[in-house]
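A short write-up of the structure that comes next.
Nothing in this text is a laboratory measurement; each read-out follows from the coordinates by a stated rule. The structure presented is a predicted model; accordingly, all values stated were derived computationally and were not measured. Positions of Cβ are backbone-derived with ideal geometry, glycine not excepted, and every protein chain shown enters the neighbour counts.
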Amino acid sequence: MRDMKRIEELLTDRATGDLSSADEAELHELVRANPELNSDVYDRVAAELAAGLVAVSPDPLPKALADRLVKDGEAFFAPDRSVTQAPDISPGRAPWVTWSGWVVAAAAAVAWFLALDSRAPVVEPAAPPTVADVRSGLIDQAATLLDWTATEDPAAMSATGDVVWSDAAQAGVMRIAGLEANDPTVTQYQLWVFDEERDERFPVDGGVFDIPAGPGEVLVPIQVAVPVTKATLFAITVEKPGGVVVSDRERIVLVAQAT
């Protein structure tokens, strides 16, 4: 169909922004003369394909934007829409294999245009907060900050640091320096959080952790097993690998108590 070929060319030009006023008028006349066509539908098909093509180009669109374009395209072509659908698709074949050649041409042009458009802002995903970020944030929110007190246990002779904890956020971070490095196959350190609302014989497990060899300080996130209503004391013990459910508290290395 001669008109169809020309419509393909004009739609491609319109998708890339290269359609002149005269060409726009010609396109309108051709669409009017062919009422079975719907140029808006073809534009949306081209946009959807463009997202797919840009995704594999050397300079792809941000994934979130490409996903949104594809999602919009899928929603637009849902079966319950009343608009004219894309050309018929043969059973068992992928849609982008069976759509007509004009769609591929238009999509390729749009994809190339978008990939080269340096004006489009690229939004990088936010990096997850580090343990140091969490600690700083808790301190900024006036969470409880307590200094560690070392016991007479040989592993704690040079140990220092502090613990910050928020009952409201159920989050905390231990800062530890000078605690003896452990062999995880032999022993591990375990934190216990004493809650004012619980029997002190059964403090809340705050997680097991290791101290690597070296003089630097270590930041350890607190991971309580159950919610803590009001923390009153923190204690670190030496336990078997994997920790214990209830500590015998034979080896307590660090303690921090709220006043």
- Task: Kindly list the residues of the range 237-259 that lie in the label zone of R201, defined by a backbone N under 16 Å from the point 7 Å along the Cα-to-C-beta vector.
- Result: 245-249
- Rank by packing, highest mean first: peptides 164-173, 177-186, 212-221, with packing defined as the count of other Cβ atoms within 10 Å averaged across residues. 164-173, 177-186, 212-221
- Taking 0.36 nm per intervening residue step and subtracting the Cα-Cα distance, what contour gain separates D140 from V245 on full extension? 34.5 nm
- Message: Could you check the spin-label model distance between E217 and E124? Points 7 Å from the Cα along Cα→Cβ, value in nm.
- Response: 2.7 nm
- Residue separation times 0.36 nm, minus the C-alpha to C-alpha distance between A225 and E152: what's the value? 23.5 nm
- Task: Quick one: which residues, 5+ away or cross-chain, put their amide H under 5 Å from the amide H of I222? H built at 1.01 Å from N.
- Result: G172, V173, M174
